[in-house]
1. Considering every residue within segment A:69-77, establish whether at least one is among the small types (Gly, Ala, Ser) and in contact (Cβ under 8 Å) with a residue 60 or more places away in the chain.
2. State whether the residues of segment B:152-167 include one that is without any contact (Cβ under 8 Å) to a residue 24 or more places away in the chain, hydroxyl-bearing (Ser, Thr, Tyr), more than 13 Å from chain A (Cβ to nearest Cβ) and in a loop (DSSP other than H, G, I, E, B).
3. Can you confirm whether segment A:292-314 contains a residue that is touching a Phe, Trp or Tyr at 6+ places or on another chain (Cβ under 6 Å), closer than 19 Å to residue A:235 by Cα and at the interface with chain B (Cβ under 9 Å from one of its Cβ atoms)?
4. So for segment B:1-9 (the condition being within 14 Å of chain A (Cβ to nearest Cβ) and either under 25 Å from residue A:14 (Cβ atoms) or more than 17 Å from the chain's Cα centre (by Cα) (or both)), does at least one residue qualify?
5. Tell me whether segment B:118-139 contains one or more residues that are within 21 Å of residue A:281 (Cα to Cα), touching a helix residue (DSSP H, G or I) at 6+ places or on another chain (Cβ under 6 Å), among the acidic types (Asp, Glu) and assigned to a loop (DSSP other than H, G, I, E, B).
6. If you scan segment A:174-223, which residues turn out to be within 14 Å of chain B (Cβ to nearest Cβ) and of a type in the set (Gly, Ala, Ser)?
7. Do we find a residue being part of a strand (DSSP E or B) and out of contact with any helix residue (DSSP H, G or I) (no Cβ under 9 Å at 6 or more places or on another chain) anywhere in segment B:26-46?
8. Please go through segment A:50-102 and pick out each residue that is closer than 27 Å to residue A:128 by Cβ, touching a strand residue (DSSP E or B) at 6+ places or on another chain (Cβ under 9 Å) and assigned to a loop (DSSP other than H, G, I, E, B).
Amino acid sequence: MSVNMRFGPYGGRYVPETVIGALDELTEAYKHYCDDPDFRSELGVLLGHYVGRPTPLYRARRLEEAWGLDDGLWFKREDLCHTGAHKINNALGQVLLARRMGKQRIIAETGAGQHGVATATASALVGLGCRVYMGRTDMQRQRLNVIRMRMLGAEVTPVDSGSGTLKDATSEAIRDWVTNVDTTHYIIGSAVGPAPYPEIVAEFQSVIGIEARAQMLEETGGLPGTVVACVGGGSNAIGTFRGFIDDPDVALVGVEAGGEGPAGRHGASLALGRPGVLHGSYSYLLQDDDGQVAEAHSVSAGLDYPGVGPEHSYLRDIGRVRYVDATDEAALSAFLECSRREGLIPALETSHALAHVRDAASQLRQAGPVLICLSGRGDKDVDQAGAALGIDASA
Amino acid sequence: MPEAGAARLERAFRDAGRPLFVPYVMGGYPDLDASRRHARLLARHADIIELGIPFSDPLADGPTIQAAGQAALDAGIRPSDVLAIADDLRDGPPVVVMTYFNTVIAHGAAEFMAEAASHGVAGLIIPDLPVDEAADIRAAARAAGVALIALAAPTTDDARMQQIGAEAEGFVYLVAVTGVTGGEMSMDDRLRALADRARRHIPVPVVVGFGVRTPEQAAQIGQIADGVVIASEIIRRIGDAPDPPAADAAVDAFGAGIAEALAR
């Protein structure tokens, strides 16, 4: 089989020459193993017995009623995955690849910490050393995940450059990889980076959409009218969308970080950026006239990224997916509403998808059932969301 | 039509009579005037000047060049400011500009090349543009008379070395270490074998850089390659100087020391 290196004009391998050999090696390994029965069986057993797949499809009846979604509101419960988010689907797949490639060391970048925790977990499981790069700002706002990674035996390295967020952590991870490429596999956490990463990550995450489609058919006898997911780099979204991409009657909606709103800082690369190169691929990007990459902003560390995966750029241009945004404020109120009406504390990232569905409910209800990828749980966010919402633990 | 960049670069190698000294100046660091002065001082000793355009996310650079570039960006330095430094070097050695790819495409490749050529820039080094992604950019550069300088690395296999060699013009920049700029190279059999391999497959001159700090190291590189690039060490010396005159003196003395070591 062949591996997608480009999505329309987007993607490619804009990286230092030093890592081209490693990208070739990864491409070959992926081609070899992605259909290999032993590999698939090992990954399948872990996804079933370790991650807890298939994750349930849940009908959120109280929100459905509150938001007037008469045809149903369904959650694909990735928050129930081991480690608390969809990130483990990709981390496990790549760790198993890394072991087959004979790599002794794993590195990763992380924003919200969910990919870092997933990678630390998968590395512990197979006995590989793990270092995670994380922006200092993110280490503060996702403190619990830093502790989890360290408990799992990973080294967490703070990154001070730039704004100390996901972009800077990714750059630093790439520099580590350029330096240690012979021994090290870099597990990118989102569907970004040089080819073949966007394709590999999307494929390991496509289990979300494939399961969700079958579950919707089983539960409702039909497909959803609209499928909604949040988009930072875009891994849970692409994984979900891939299950429905060939169903022309299913509308696909990606929700980016609207941050402070139209006049302020944000993370809406697809809505407000233009194509450029960051972290090895050509894709929509927040940048100034000189091509200097802009600092993104979002209340959620996982969406605080000025780039986006190249496949999303392509899906945007061809009009297959509609990309919208939700502000920090909208996401925070949706976070609280989901917690109180469903007893589900969602991740702040996921809360952007919830906010859009709430705010666009009057249009969405006309198109049939709505499916949201509930990409992660919000345990990691309780400090930050509590501070923003005025909820604390004082006696 | 002025002489094309590739021809000027190739002439620099023919005329030098010794391994070439290619010092790097970060445009706009520590400020625009100082970087222009440093470039002129280094031009007295150098055979080619490498002029860096600061970029927000320099993946191939270690902490020293990252910090210098960030300082330049914080001071509002723009790519056009850096290209204009080349005007001051027209009567000196040829200038190659080091820039990340997004800077080039943000301006439009053809426009960027034309602007670089109008300032007399002979070549362009784009560290995040490997040979397989470079066809369109190479065509735009050629059309403007600017040489696209390819990079090769320790991890580049023979087949890719040949591919790089087939497209190369001006010279090829061989990365001495598997890593980012500003580390420490060491002269050993591996590096000798790498340089041999590169020169076997690449028909144009091969210049070695990354991690070269001292005149002794430069002289060692001179024995196995056609020239040596020094970047982070120059920036470090500028940063360590107590005041601008001391920085100028440090740059001048360092350049003289390297040139002398290469001439021995």
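The values are calculated or read from the model by the stated rules, or taken from the named source; none is laboratory data. It should be emphasised that the depicted structure is a prediction, and the values quoted were computed from it without experimental measurement. All Cβ positions, glycine included, derive from the backbone under ideal geometry; neighbour counts span all protein chains shown.
1. Taking segment A:69-77 first, the residues among the small types (Gly, Ala, Ser) are A:72.
The next check asks that each one be in contact (Cβ under 8 Å) with a residue 60 or more places away in the chain; those that pass are A:72.
Yes, segment A:69-77 contains a residue that is among the small types (Gly, Ala, Ser) and in contact (Cβ under 8 Å) with a residue 60 or more places away in the chain.
2. No; the residues of segment B:152-167 include none that is without any contact (Cβ under 8 Å) to a residue 24 or more places away in the chain, hydroxyl-bearing (Ser, Thr, Tyr), more than 13 Å from chain A (Cβ to nearest Cβ) and in a loop (DSSP other than H, G, I, E, B).
3. Of segment A:292-314, the ones touching a Phe, Trp or Tyr at 6+ places or on another chain (Cβ under 6 Å) are A:296, A:308, A:310-311, A:313-314.
Within this subset, residues satisfying the condition of being closer than 19 Å to residue A:235 by Cα are A:296, A:308, A:310-311, A:313-314.
Now restrict to residues that are at the interface with chain B (Cβ under 9 Å from one of its Cβ atoms): none.
The answer is no, given that none of the residues of segment A:292-314 is touching a Phe, Trp or Tyr at 6+ places or on another chain (Cβ under 6 Å), closer than 19 Å to residue A:235 by Cα and at the interface with chain B (Cβ under 9 Å from one of its Cβ atoms).
4. Step one: list which residues in segment B:1-9 are within 14 Å of chain A (Cβ to nearest Cβ), which gives none.
No: zero hits.
5. Looking for residues that are within 21 Å of residue A:281 (Cα to Cα), touching a helix residue (DSSP H, G or I) at 6+ places or on another chain (Cβ under 6 Å), among the acidic types (Asp, Glu) and assigned to a loop (DSSP other than H, G, I, E, B), one finds at least one in segment B:118-139, hence yes.
6. Step one: list which residues in segment A:174-223 are within 14 Å of chain B (Cβ to nearest Cβ), which gives A:174-184, A:186, A:188, A:192-196.
Selection gives A:193, A:195.
7. First pass over segment B:26-46, keeping only residues part of a strand (DSSP E or B): B:26.
Narrowing further to those that are out of contact with any helix residue (DSSP H, G or I) (no Cβ under 9 Å at 6 or more places or on another chain): none.
Taking every residue of segment B:26-46 in turn, none turns out to be part of a strand (DSSP E or B) and out of contact with any helix residue (DSSP H, G or I) (no Cβ under 9 Å at 6 or more places or on another chain).
8. Within segment A:50-102, A:55, A:81, A:86, A:101 meet the criteria.
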